[in-house]
Amino acid sequence: LKTAMSISRIQKHLDLGRKVVIFHRRKQANVAPPFKTILDVTRSNANYKINNPESQEKDREEGYKMLEQADQFEQKYGGLLEYEQTLDYSSAINQINNAFGDKVVYINGDVSKKDKANAIKYFNTDGSGKDIIVVQEESGKEGISLHDTTGKHQRVLMSMSMPISSITALQIEGRIYRIGQES
């Protein structure tokens, strides 16, 4: 949901002629619908307690109680469980790439120094068509300049996660707020 809202905001900035710098922490997302996942784990644990030949009677009773509570939750919050199935749980990078395709360049640990330099160059070049740069926090918080040097395309900074420290936050912000910025 956060990424879907962010994609809408990114598009609004692009429509205004701005270039967008997006910082994120992780490349991969190992995310699944949270409530369904919890219910599945609860039911699995409950069935283990019920069906394990070494379980004592109190363990089996606890297992039945767990199943009952899972069923109650599902009945009460069925709409929430249905809604969470409609969300896109792929990584933010994949969602941004799917939404914006060739407009996006990347800086992360898998990008070679040459490709990193080209990504920065294309992003900073007016009219290149590369209007979004997605930067993994550790790979781009220092040593890169992404500020507007011509005054043609304001920069917007978005962070997909909270920085791990105040220094990191300042470093990230410093990628677009630099000496020589024109907007």
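From the list Gly79, Gly140, the lone residue that is over 20 Å from Gln11 (Cβ atoms) and open to solvent by less than 50 Å² (accessible area, probe 1.4 Å) is Gly140. For the stretch 143-173, a residue qualifies if it is open to solvent by less than 70 Å² (accessible area, probe 1.4 Å) and either farther than 17 Å from His24 by Cβ or basic (Lys, Arg) (or both), and the qualifying residues are Ser145, His147, Asp148, Gly151, His153, Arg155.
Being polar (S, T, N, Q), at pLDDT below 90, open to solvent by 40 Å² or more (accessible area, probe 1.4 Å) and within 22 Å of Arg25 (Cβ to Cβ), is that true of even one residue in the stretch 110-122? The answer is no, given that none of the residues of the stretch 110-122 is polar (S, T, N, Q), at pLDDT below 90, open to solvent by 40 Å² or more (accessible area, probe 1.4 Å) and within 22 Å of Arg25 (Cβ to Cβ).
Can Asn118 be described as free of Cβ contacts under 8 Å to residues at least 24 places away in the same chain, of a type in the set (S, T, N, Q) and in contact with a strand residue (DSSP E or B) (Cβ under 9 Å, 6 or more places away or on another chain)? Step through it out loud before you land on a result.
On the way: free of Cβ contacts under 8 Å to residues at least 24 places away in the same chain: yes; of a type in the set (S, T, N, Q): yes; in contact with a strand residue (DSSP E or B) (Cβ under 9 Å, 6 or more places away or on another chain): yes.
Yes.
Any residue at all in the stretch 6-14 that's touching an Asp or Glu at 6+ places or on another chain (Cβ under 8 Å), among the polar types (S, T, N, Q), at pLDDT below 95 and part of a helix (DSSP H, G or I)?
Applying the first criterion (touching an Asp or Glu at 6+ places or on another chain (Cβ under 8 Å)) to the stretch 6-14 yields 14.
This time we only want the ones that are among the polar types (S, T, N, Q), so: none.
No.
Residues of the stretch 82-105 include at least one that is free of Cβ contacts under 8 Å to residues at least 60 places away in the same chain, open to solvent by 60 Å² or more (accessible area, probe 1.4 Å) and touching a helix residue (DSSP H, G or I) at 6+ places or on another chain (Cβ under 8 Å).
The values are calculated or read from the model by the stated rules, or taken from the named source; none is laboratory data. Remember, predicted model here, so these are calculated numbers, not experimental data. We place every Cβ from the backbone using ideal geometry, glycine too, and count neighbours over all the protein chains shown. Accessible surface areas use protein heavy atoms only, side chains included; no ligands, DNA or RNA. Shrake-Rupley method; radii C 1.70, N 1.55, O 1.52, S 1.80 Å.
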